[in-house]
Amino acid sequence: MTKVGGAAADYLDERVSLGSLLKKNLRKVFPDHWSFLLGEIALYSFVILLLSGVFLTFFFKPSTAEVVYNGSYVPLRGIKMSEAYASTLEISFDVRAGLLMRQIHHWAALFFVAAMTVHMLRVFFTGAFRKPRELNWVIGVTLLILGVVEGFAGYSLPDDLLSGTGLRIASGIILSIPIIGTYVHFLTFGGEFPGHDFIPRLYTVHVLLIPGIILALITAHLILLVYQKHTQYPGPGRRNDNVVGQPLLPVYMAKAGGFFFVVFGVTALLGAIAQINPIWSYGPYTPTQITAGSQPDWYMGWLEGLLRIMPAWEFVLFGYTFSMNVFVPGVVAFCGFIILLALYPFIEAWVTGDKREHHILDRPRNQATRTAIGVAGVTWYGLAWLAGGNDVSINAITWFMRIAIFAGPVLAFIITKRICLGLQRRDREKVLHGRETGIIKRLPHGEFIEVHEPISAEERYLLTQHEVPKPLELGPEYDENGVRWSNGRMSRFRAALSRWYFADRVEKPTAEEFKAIESGHGHH
């Protein structure tokens with residue numbers, strides 16, 4: 001067997017030169033930190049989605065043809081429904097392990113989007129999106145949006161009353177697009193809502209188009225990750241030109257393999273004991289009915305919240321009805337948020353003027369403005385998500401959310417930036433005066449002081465390794481020939497943004513202060 005394996009390896013190496021390629025990449029070093037596992041959870045969840053999805057495709061019938069249900073679920077026997085809904089009931093009650101696979105598939109979808117979301121937050125707050133990884137950030141944002149769309153398509157396929165309600169909202173959002181909304185709607189649904197072509201089309205998109213794009217983008221994401229090398233957290237011996245960690249084979253591969261089974265085990269456990277999307281409780285979709293207290297999956301909650309708090313703003317112009325109460329939250333806010341998220345690395349690089357490559361991650365406290373922007377964005381998203389829970393439309397809650405959606409992010413920005421600057425000052429004091437011990441000492445002249453102990457050289461390096469950037473300097477308004485620069489206004493605007501971005505920065509201890517530490521005068 002060993003000879004056969006060796007012969008096979010030699011055969012492939014002689015024809016495709018795998019030996020040198022594998023030797024180089026299988027020993028590639030990856031840093032070891034728990035936060036890097038967030039991306040792996042997303043990857044493993046996608047693998048589980050593919051495996052469970054293949055099983056479900058054997059039994060699901062993507063058709064809106066009307067049938068009379070005579071399956072195992074007695075309360076729905078004799079009721080007319082679509083083949084899509086009937087086949088989903090069959091999977092749930094008549095196919096062996098069908099319900100388990102359905103629930104594993106749904107839980108894996110939730111984990112997939114959640115892991116990508118938290119992973120993107122980690123990348124944002126640590127500055128891992130900076131050069132040369134801007135393209136990977138854009139790929140990540142695209143994957144996140146595709147994951148949301150794929151999840152929405154997945155729970156819309158069964159054609160139950162809950163999914164039909166969600167599709168009706170999507171139909172309204174499409175129709176709200178000025179001028180072209182009707183044409184886009186008819187092209188999407190094949191006619192008036194709900195139509196007979198949409199479920200088959202959505203099925204093709206769900207099982208073929210979007211998974212194919214996601215798989216291609218994940219491949220590109222991983223290739224760029226390997227080519228550009230992995231980022232790492234600051235620490236002794238870690239520089240922009242090296243990676244400190246463990247080799248891909250065997251250490252990292254063993255850990256990754258074990259972690260895959262952990263993710264799969266948790267997903268399977270939830271699929272077995274935690275009920276999710278019980279479509280038999282909702283019944284088949286009927287356009288004249290709606291599910292009381294209907295809620296989408298969590299990742300669509302923020303869009304529903306924006307729709308709920310938007311005032312009833314509608315007007316007619318040149319014979320066209322402009323439904324701003326649906327178009328603004330459903331299209332403008334949604335697309336604007338995604339575009340701003342995708343462009344942020346380029347915006348920050350332009351404002352700061354930082355064009356260097358970065359492989360060492362930032363501590364969020366050391367980038368106070370970026371961290372405050374991120375928390376403001378999370379606050380905005382969270383408030384919109386909470387507003388989606390106002391099912392009965394209580395007027396006081398609606399008005400509170402309308403105000404909070406604007407005031408909340410501003411307050412979050414101010415508070416977060418103050419906290420970050422306070423943490424920077426505390427780190428500076430710790431470097432200069434050491435760690436507080438809780439021991440109170442009385443000096444000969446009667447003063448009481450707390451005894452501090454020096455911190456280790458490793459901790460001191462961690463607290464002082466970061467750079468303290470300065471705002472961009474505004475160049476001369478006129479060139480050497482006395483001609484005014486054509487982009488003078490833009491330069492002044494950029495300089496103003498840079499001053500705002502780096503305002504209230506905390507300087508690191510100076511060389512003189514470090515000398516005082518070394519001479520024994522920095523601690524008491």
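The values are calculated or read from the model by the stated rules, or taken from the named source; none is laboratory data. None of these values were measured; they are calculated from a predicted model. No Cβ is skipped: glycine too gets one built from the backbone with ideal geometry, and neighbour counts run over all protein chains shown. The protein model used for the area step is the full one, side chains on, heavy atoms only, and it has no ligands, DNA or RNA in it. Shrake-Rupley method; radii C 1.70, N 1.55, O 1.52, S 1.80 Å.
Some notes on this structure:
- Pair list, Cβ under 7 Å, 6 or more apart: the range 307-332 residue within 19 Å of ILE397 (Cα to Cα) and at pLDDT 85 or above, other residue open to solvent by 40 Å² or more (accessible area, probe 1.4 Å) and of a type in the set (Gly, Ala, Ser): ARG308/SER393; ASN325/ALA312
- Tally of residues being at pLDDT 90 or above and either assigned to a loop (DSSP other than H, G, I, E, B) or within 27 Å of the chain's Cα centre (by Cα) (or both) across the range 189-222: 21
- Here is the figure for the range 264-306: residues that are in contact (Cβ under 8 Å) with a residue 24 or more places away in the chain and under 23 Å from SER63 (Cβ atoms) total 11.
- Considering ALA7, ALA42, the condition of being within 38 Å of the chain's Cα centre (by Cα), at pLDDT 65 or above and part of a helix (DSSP H, G or I) is satisfied by ALA42 alone.
- When VAL451, VAL468, VAL483 are checked against the criterion of being open to solvent by less than 90 Å² (accessible area, probe 1.4 Å), β-branched (Val, Ile, Thr), out of contact with any helix residue (DSSP H, G or I) (no Cβ under 8 Å at 6 or more places or on another chain) and at pLDDT below 75, VAL483 stands alone in meeting it.
- Counted residues, the range 301-328 - those being of a type outside the set (D, E, K, R), in a helix (DSSP H, G or I) and open to solvent by 30 Å² or more (accessible area, probe 1.4 Å): 5
- Any hit, the range 60-79, residues being among the hydroxyl-bearing types (Ser, Thr, Tyr), open to solvent by less than 50 Å² (accessible area, probe 1.4 Å) and assigned to a helix (DSSP H, G or I): no
- With respect to the stated conditions, ALA376 is at pLDDT 95 or above, in a helix (DSSP H, G or I) and crowded, with 20+ Cβ neighbours inside 10 Å.
- Within the range 185-212, restricting attention to residues that are under 23 Å from LEU135 (Cα atoms) and either touching a helix residue (DSSP H, G or I) at 6+ places or on another chain (Cβ under 6 Å) or without any contact (Cβ under 8 Å) to a residue 40 or more places away in the chain (or both), the residue that is surrounded by the most Cβ atoms within 10 Å (Cβ to Cβ) is ILE210.
- Each residue in the range 241-260 was checked for being open to solvent by 50 Å² or more (accessible area, probe 1.4 Å), at pLDDT 85 or above and touching a Phe, Trp or Tyr at 6+ places or on another chain (Cβ under 9 Å), and 0 of them qualify.
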